[in-house]
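The values are calculated or read from the model by the stated rules, or taken from the named source; none is laboratory data. Keep in mind the model is a prediction, meaning the values are calculated, not measured. Here the Cβ positions follow ideal geometry from the backbone for every residue, glycine too, while neighbour counts run over all protein chains shown.
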Amino acid sequence: MQQNEYLELGLINTLRVDRHTPHGIFLMATDGNDVLLPQAYVEDYMIEDSLLDVFLYTDSEDRLIATTKKPLAMLDQFGLFEVVDVAPFGAFVNWGLLKDLLVPNMFQKEPFQIGDKRFLKVVYDEKTHRLVGTEKLGDFFDKRPKSLTPNKEVDILIISKTPLGFKCIVEEKYEGLIYHSEIFENINLGDKKTAFVKTIRKDGNIDLSLRKQGSTKTGGSSEKVLKLLNDNGGIMPYNYKSDASLIKDIFGISKKDFKKSLTTLVNSQKIEVKDSGIYIKEI
């Protein structure tokens, strides 16, 4: 571990234990500035001159304070937060620390209500000099995707559901969308997944797919169909004519892949397909 040169709000800091007091221990950066770690977080191993990793934020009186707890999201990070209180000037969300995170009214898209779960970014508010949450993420996305090309594999984070599909954060800095027609599995807000770039639009937004283009994954789909058949006693009431939305819900694949899988399994003499359903073939 290397000691921080200076105190950094909203981040994990590595600081030297300088001195013990009745209120806690003071931790110091190499520039001589220090911060209090309250007594509630002090443990026996925290001896003078040892290095300690702590998160820095501000307390209820806006004083810089240290904690050994790690928040749900740090400065410039995204997270799914639950609203725990609402006030005339904003709302408070639980981010895993003693003091809740404020989301000012001006940083909300729609009024927050207790119990809501909102996807937010933790940012530094220049006016109040403290950490706050914001739901208005558009300004933080890079609109000039670099090194991204069709079919490139990317890491995504699901942030919201729209009539078109699910909005995502791509590689922690771009905005993307997976259309509902591209989804054949359960997706929830906050999920982290691997996806593939379909197209990059003129506005800088990225259309995504959970499958690599040109890869039908028929083999994997066939195995999924066969496994579900085995799990259901070797009989399921579906066939080539079954409704596409039903196939998506039951098997988690498209109607096109379902039909290909049935044909593959029939040709390999593993199943029979009748008007009444799919049957595992007796060997």
All but one of (1) farther than 30 Å from SER60 by Cα; (2) not in a loop (DSSP other than H, G, I, E, B) hold for VAL132, so report the exception by its number. (1)
Checking the structure you have, find out if any residue of segment 44-53 is at pLDDT 95 or above, assigned to a strand (DSSP E or B) and buried (at least 17 other Cβ atoms within 10 Å of the Cβ). yes
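Would you say LYS248 is charged (D, E, K, R), at pLDDT 85 or above and farther than 30 Å from GLY138 by Cβ?
On the way: charged (D, E, K, R): yes; at pLDDT 85 or above: no; farther than 30 Å from GLY138 by Cβ: yes.
When the stated conditions are applied, LYS248 does not pass them.
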I need the full set of residues from segment 101-115 which are surrounded by 18 or more Cβ atoms within 10 Å (Cβ to Cβ) and closer than 25 Å to ALA66 by Cβ, in order please. LEU101, LEU102, VAL103
Of residues in segment 10-29 being assigned to a loop (DSSP other than H, G, I, E, B) and surrounded by fewer than 17 Cβ atoms within 10 Å (Cβ to Cβ), the one modelled with the highest pLDDT: LEU11
Return only the number of the condition from (1) at pLDDT below 85; (2) out of contact with any helix residue (DSSP H, G or I) (no Cβ under 9 Å at 6 or more places or on another chain); (3) polar (S, T, N, Q) that SER221 does not satisfy. (2)
Between a first residue in segment 222-250 that is of a type in the set (Lys, Arg) and a second residue that is surrounded by 12 or more Cβ atoms within 10 Å (Cβ to Cβ), which pairs have beta carbons less than 6 Å apart while being 6 or more apart in sequence or on different chains? LYS248/PHE184
Conditions: (1) under 14 Å from the mean Cα position of the chain (by Cα); (2) acidic (Asp, Glu); (3) modelled with pLDDT under 90. ASP155 meets all but one. Number of the miss? (3)
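Tell me which residues, restricted to segment 30-43, are in a loop (DSSP other than H, G, I, E, B) and more than 32 Å from the chain's Cα centre (by Cα). Walk me through how you get there before you give the answer.
Residues of segment 30-43 that are in a loop (DSSP other than H, G, I, E, B), as a first pass: 30-33, 42-43.
If the condition is that a residue be in a loop (DSSP other than H, G, I, E, B) and more than 32 Å from the chain's Cα centre (by Cα), then THR30, ASP31, GLY32, ASN33, GLU43 are the ones that fit.
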Those residues of segment 251-283 which are crowded, with 17+ Cβ neighbours inside 10 Å, assigned to a helix (DSSP H, G or I) and aliphatic (A, V, I, L, M), in sequence order: LEU262, LEU265
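When you check LEU98 against the structure, is it outside any strand (DSSP E or B), under 30 Å from ASP34 (Cβ atoms) and at pLDDT below 95, yes or no?
Working: outside any strand (DSSP E or B): yes; under 30 Å from ASP34 (Cβ atoms): yes; at pLDDT below 95: yes.
When the stated conditions are applied, LEU98 passes them.
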If THR162 meets every condition in (1) β-branched (Val, Ile, Thr); (2) exposed (fewer than 13 other Cβ atoms within 10 Å of the Cβ); (3) touching an Asp or Glu at 6+ places or on another chain (Cβ under 9 Å) apart from one, which number is that one? (3)
Has segment 74-93 got any residue that is buried (at least 16 other Cβ atoms within 10 Å of the Cβ), in contact (Cβ under 8 Å) with a residue 60 or more places away in the chain and in a loop (DSSP other than H, G, I, E, B)? yes
